[in-house]
Amino acid sequence: MKLSHRLTNITGGGSDGWEVFLRARRMIAKGEKVIELTIGEHDIRTAPNILDAMDRAARAGHTGYALVPGTHAMRAAVAKRVEERTGVPTGIDNVLITAGGQAGLFAAHHAVLEEGDTALYIDPYYTTYPGTIRAVGGVPVAIEARSEDGFQPRAEAIDAAAKATGAKSLLINSPNNPTGAVYSRATLEAIAEVCKARDLWLITDEVYDVQVWEGEHISPRALPGMAERTLLVGSMSKSHAMTGSRIGWIVGPQEAIAHLTNLATHTNYGVAGFVQEAATYALGLGKAPEIDVAAPFHRRHLIALELLAGQNVVKATPPQGAMYVMLDIRATGMSGNDFANALLDEEKIAVMPGESFGAAATGHIRVAMTVADEEFRVALGRVLAFAARKAA
Ligand code: PMP
């Protein structure tokens, strides 16, 4: 039986960029010792006090259907968090609780694209972006952000692509996975002007909003005239080490949230009530748990800067936030793919080739800072020594 093109075309038919990761997993399964610096999973688990709250809620009977847009308490907690960080008045009617940021990205694109509409996104990009757009019948169009610009996108390029394609939306992500770039106020203001001039919805993926090592996180929802055309996607995954709990949110205009609630009713039918209670408890603790979860990445970011300063083959571009460092290895003359494969074979260290994140990251590798500090120091030291040998 024939399946829909919308379904079978989600990956676009190309490589999904996970080859090195899968090869590393196979080596590990065979008993080889491989240092895994590929995916964005914390090396700590969800904090015991948050798990206790989940356990209490489940045992108190919150195991039935929860309200579909989210519990009142969880929506209020998210509204408070977003209002505090954007300065824009935000109420529970602006919040939909989703099964993680990924479900939020899907729903946000579903909300603004008709079949065949163009949706813009910035390359390098988080691997699910083009597939998410295709999954709702949209046509993904990438806009290159250059290594030379510190991976800050150029508003002129967005404007030109919006004009040429008649795009309906733009997806951005700051702090950025995979580049570690934190968009400056100037970048965001220029993007906001393009969105207004070209009548674009802005979908802003802010799942790394508390992992900022340089500069400050600015949500474009806070910029003049943007709240009504912005769908902000957030998540507990990265901020509270709750990746497996699958809880996130969309914050946007009331009308959008009302219709998105209908979509949620016809897809997930809500998010587990005991997970929402645990998340509400965690958000109620304020910034302290977020700072604890982010702290190891901040320390490892400093280790990376120290090691990078001691050599001149590999360039870091620019590790300002999130759990990754993007390294420019073009001085070795190798592609990111060749470098990552050779590194896995010769050093038993697994990193993601830049090419997995789009054409703009060719000649780069992404190193996830997701192993203990000392192991990270040794591993990154070996990556840099390997690059020096290849460049020589
Ligand atoms: N956006 C970005 C940029 C990510 O890196 C991730 C997870 N790796 C997500 C969204 C989705 O996260 P989740 O669904 O766990 O909230």
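What net charge do the residues around E36 carry, taking every other residue with its C-beta under 12 Å from that of E36, with Lys and Arg at +1 and Asp and Glu at -1?
Summing Lys and Arg as +1 and Asp and Glu as -1 gives 0.
Helix 155-165 versus the longest principal axis of the chain: what is the Cα-based angle in degrees, 0 to 90, to the nearest 10?
Rounded to the nearest ten degrees, it is 70.
Got a sec? What order do W213, W249 fall in by accessible area at 1.4 Å, biggest, i.e. largest, first?
Descending order: W213, W249.
With springs only between Cα atoms under 10 Å, which of E83, E228, E32 fluctuates most in a Gaussian network model of the chain?
It is E32.
Take the alpha carbon atoms of segment 299-355, find their center, do the same for segment 97-112, and report the distance between the two centers in whole angstrom.
Measuring centre to centre over Cα atoms gives 31 Å.
Enumerate the lysines that K168 could reach by cross-link, defined here as Cα to Cα under 21 Å, with residues fewer than 8 away along the same chain left out.
Within the straight-line cut-off, K168 pairs with K196.
Express in whole angstrom the spacing between the alpha-carbon centres of segment 230-294 and segment 138-208.
Result: 24 Å between the Cα centres.
Compute the angle between helix 185-197 and the longest alpha-carbon principal axis of the chain, please, reported from 0 to 90 degrees and rounded to the nearest 10.
50
Using only the heavy atoms of the protein chains and a 1.4 Å probe, how would R229, R26, R85, R146 rank by accessible area, largest first?
Sorted descending by solvent-accessible area, the residues read R26, R146, R85, R229.
Which peptide among 184-193, 254-263 comes first, and what is the full order, when sorted by highest mean count of other Cβ atoms within 10 Å?
Ranked by mean Cβ neighbours within 10 Å, highest first: 184-193, 254-263.
How large is ³J(HN,Hα), in whole Hz, for each residue of segment 209-223 in order, when computed from phi with the Karplus curve 6.51 cos²θ - 1.76 cosθ + 1.60 and θ = phi - 60°, using x for Gly and Pro?
Going residue by residue, I get 4, 9, 9, 10, 9, 9, x, 9, 7, 10, 8, x, 4, 7, 7 Hz, with x marking Gly and Pro.
Which value in nm describes the separation of the simple spin-label points at K2 and T165, placed 7 Å from the Cα toward the beta carbon?
2.7
Cross-link candidates for K30: which lysines have Cα within less than 24 Å, leaving aside residues fewer than 8 places away along the same chain?
Qualifying lysines at Cα under 24 Å: K348.
Can you list residues from other chains, or at least 5 along the same chain, whose modelled amide H is less than 5 Å from the amide H of L231?
L202, I203, T204
Please arrange T8, T179, T46 by accessible surface area, largest first, computed with a 1.4 Å probe and ligands excluded.
From most accessible down to least: T8, T46, T179.
Taking only Cα atoms, what is the 0 to 90° angle, nearest 10, from helix 273-284's long axis to the longest principal axis of the chain?
Taking Cα atoms only, the helix is inclined about 70 degrees.
So in segment 61-285, what percent of DSSP beta bridges are antiparallel if you round to the nearest 5?
Beta bridges within segment 61-285, antiparallel portion: roughly 30 percent.
Cross-link partners among lysines for K287, C-alpha distance below 20 Å, same-chain residues fewer than 8 apart left out?
Within reach: K80, K238.
The values are calculated or read from the model by the stated rules, or taken from the named source; none is laboratory data. Treat the numbers as computed from the prediction; the structure is a model and nothing was measured. Virtual Cβ from ideal backbone geometry, glycine too; neighbours counted across all protein chains shown. Surface areas here come from the heavy atoms of the whole protein model, side chains and all, with no ligands, DNA or RNA. Shrake-Rupley method; radii C 1.70, N 1.55, O 1.52, S 1.80 Å.
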